[in-house]
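Reading through the structure tokens given below for one structure.
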Amino acid sequence: MDPELAADVLYRVARMEKISPEMLSLVEAGLSSKADVSLSQEMTLSGGPAAVAKLLNLSGSALEKQLLEGLQQKNPEMANRIQSLMFTFEDLLLLDGKGMQRLLREVDTKELALALKAVSDELKRHIKSNMSERAAAALEEEIELLGPVRVRDVEGAHARIIEAVRALEESGDVLLRSREGNDDIIS
């Protein structure tokens, strides 16, 4: 899809919240000759900024940036809201030590090494500071042994690790601090 058209589609999905039963009936009638479609008669969530954020998190970083720029041109407030809902690999900095250690138990060392090929030094330090010296040295060695890697492979590793973070967050095993730093947490 053309990036300009994709940005327009994402903008429309972000603005969409609920669909009326009458509209679903019209769509169902229009599609009934094409396929066997059965739609619910209840109002259902079908879009919104959170849905767009999830879609963008699954796209490559170059495409994500391009689409966010397109959204920014259409509606800066909506684009900022979507961006605040997104989780990027660099957002692993928002994990505290305990959360990072929990994540490291879930992630394969080779996957982590691949993911760390293209991250900030700050994030590398944050991750290694939550590992034993021996494990950090083994990770560094694994990164060096990888040699040159494809960007899409690194982005795939990022996506899989982000998926693990989301699963841990949903289960309550990790807690992400807010980017703005305005989350009050009691230990």
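Summary of values
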| item | result |
| --- | --- |
| Rh by Kirkwood over Cα pairs, then Stokes-Einstein D for the stretch 78-137 at 1.002 mPa s and 20 °C, µm²/s | 171 |
| FRET efficiency for N75 and A159, using Cβ-Cβ distance with R0 set to 35 Å, rounded to 0.05 | 0.85 |
| Neighbourhood net charge (13 Å Cβ-Cβ; Lys/Arg +1, Asp/Glu -1) for L71 | 0 |
| Radius of gyration and Dmax over the Cα atoms of the stretch 125-168, both given in Å | 12.3, 31 |
| Descending semi-axes in whole angstrom, ellipsoid equivalent of the stretch 89-170, from the Cα gyration tensor | 18, 16, 11 |
| Integer Hz, Karplus 6.51/-1.76/1.60 couplings in order for the stretch 160-171, x for Gly and Pro | 5, 6, 4, 4, 5, 4, 4, 4, 5, 5, 4, 7 |
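Values in this text are rule-based calculations from the coordinates and carry no lab data. Treat the numbers as computed from the prediction; the structure is a model and nothing was measured. Heads up, the Cβs are rebuilt from the backbone with ideal geometry, glycines too, and the neighbour counts pull from every protein chain shown.
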